[in-house]
Amino acid sequence: MYYVGIDLGGTAIKGGIVDENAKIILKKEVKTPVEAGYEGVIGEIISLINSLLDEAKLNTKDIKSIGIGIPGVASKEGLVYYAHNLFWKNVPLSDMLKKEFKDLPIYVENDATVACVAEYACGAMKDKKTGVMLTLGTGVGGGIIIDGKVFSGSHGLGSEIGHMVVGENFYDCNCGKNGCLETFSSATAIINYAKKLIKEENKDTLIMEKVQNDMEKIDAKVIIDSAKEGDYIANKAVDNLVKYLAIGITNIMNIIDPEVICIGGGLSKSGNFLLNKINSEVSKYLLFKDLEYGKIVIGKLENDGGIIGSAMLGK
């Protein structure tokens with residue numbers, strides 16, 4: 001049997017056929033027609049699934065389930081409460097797909113949870129029973145697996161790790177609150193903080209040199225690269241990100257005590273440079289200094305994680 005995995009994003013819809021061993025046998029990608037509204041996007045998902053089945057010479061009897069990772073929050077029944085990048089609110093995604101694929105179970109989960117499932121199935125969390133995934137990108141996403149099962153709470157609203165309040169910040173989160181982890185420890189956050197430092201510190205910085213003095217060109221990679229080269233402003237920005245990320249990770253360790261915490265998303269490409277700083281900072285906050293806690297690791301899966309994880313929701 002095979003599984004269909006759909007990674008629904010604000011710019012692209014990625015889909016794949018995945019086998020029992022979490023291996024992708026076929027994948028395709030189409031543009032997300034956000035401007036067409038939720039009905040247009042769901043129509044595109046249906047077309048993509050049918051195209052995958054046709055190309056793989058499969059029919060629905062060969063498929064065990066369809067899983068979809070969304071950039072938002074959904075109920076266990078597949079009602080998407082919110083998906084801000086898609087401008088969705090209370091969209092019955094699962095019900096609409098069931099009209100086309102009547103005999104197949106359909107699973108809908110947050111995209112960070114899906115990334116967590118992928119790492120659990122065949123990545124950095126493989127062979128672990130309890131783990132937490134943090135995706136550090138535009139925001140901070142979270143996924144939790146406890147005793148081999150996805151945990152998203154009684155109402156499907158859990159694992160919103162990026163909205164854990166960890167301190168007071170100089171700007172508000174998109175959710176309307178102040179102090180959310182993602183306003184300190186995302187790619188967006190490090191850019192915002194670096195720009196603030198550049199304006200306030202009045203120091204020369206490699207960051208501005210790398211972007212030809214055009215502040216709008218500053219991105220997370222420029223900041224990380226400058227920090228690796230010893231730049232003062234860049235390292236101060238990285239250290240701020242790491243400080244609050246370590247607070248968030250320590251809170252997770254104190255509450256869940258996972259075997260592993262996996263770091264994914266765009267910032268994870270910094271590898272050991274970031275990981276070493278995170279481990280050093282987390283050690284300052286741990287409750288029991290002489291006891292063993294779960295390892296913090298970098299995720300192994302990148303672009304295919306969304307397809308694999310969403311497919312494996314049905315396994």
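Quick check on packing: order 275-284, 68-77 by the mean number of other C-beta atoms within 10 Å, highest mean leading.
Values: 275-284: 15.6, 68-77: 22.0.
Output ranking for 275-284, 68-77: 68-77, 275-284.
Dipole magnitude of the chain about its Cα centre, charges +1 at Lys/Arg Cβ and -1 at Asp/Glu Cβ only, in debye to the nearest 20? Before the final figure, lay out each step's value.
Values: 35 positive and 41 negative charges, 67 e Å.
Magnitude of the dipole: close to 320 debye.
Which value, in debye to the nearest 20, gives the size of the charge dipole of the range 127-298 about its Cα centre, when Lys and Arg are +1 and Asp and Glu are -1 at the Cβ?
Values: 19 positive and 22 negative charges, 23 e Å.
I would put it at about 100 debye.
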Task: Cβ-based charge dipole, the chain, positive-most Cα from Val4, Gly40, Thr135 - done: Val4
Task: Per-residue [θ]222 nm for the chain (sum of -39500 (n - 2.57) over DSSP H runs n ≥ 4, rounded to 500) - done: -11500 deg cm²/dmol
Open item on the list: If you restrict to DSSP beta bridges whose two residues both lie in the chain, what percentage is antiparallel, to the nearest 5?
Closed with: 60
TODO: Take peptides 223-231, 236-244, 92-100 and line them up by average Cβ neighbours within 10 Å, highest first, as a rough protection proxy.
DONE: 236-244, 223-231, 92-100
Open item on the list: Using only Cα atoms and rounding to the nearest 10 degrees, what angle (0 to 90) does helix 187-201 make with the longest principal axis of the chain?
Closed with: 20
- [ ] Enumerate the amide H contacts of Asn169 below 5 Å, restricted to partners 5 or more residues apart or on another chain; note that Pro and chain-start residues carry no placed amide H.
- [x] Gly179
TODO: Using Cα centres only, tell me the gap between the range 280-304 and the range 99-154 in whole Å.
DONE: 19
- [ ] Please list 289-297, 248-256, 131-139 highest first by mean number of surrounding beta-carbon atoms within 10 Å per residue.
- [x] 131-139, 248-256, 289-297
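Laboratory data are not the source of any read-out in this text; all were calculated from the coordinates shown. None of the values given here were measured: they were computed from a predicted structure. So basically every Cβ, Gly included, is an ideal-geometry build from the backbone, and we count neighbours across all protein chains shown.
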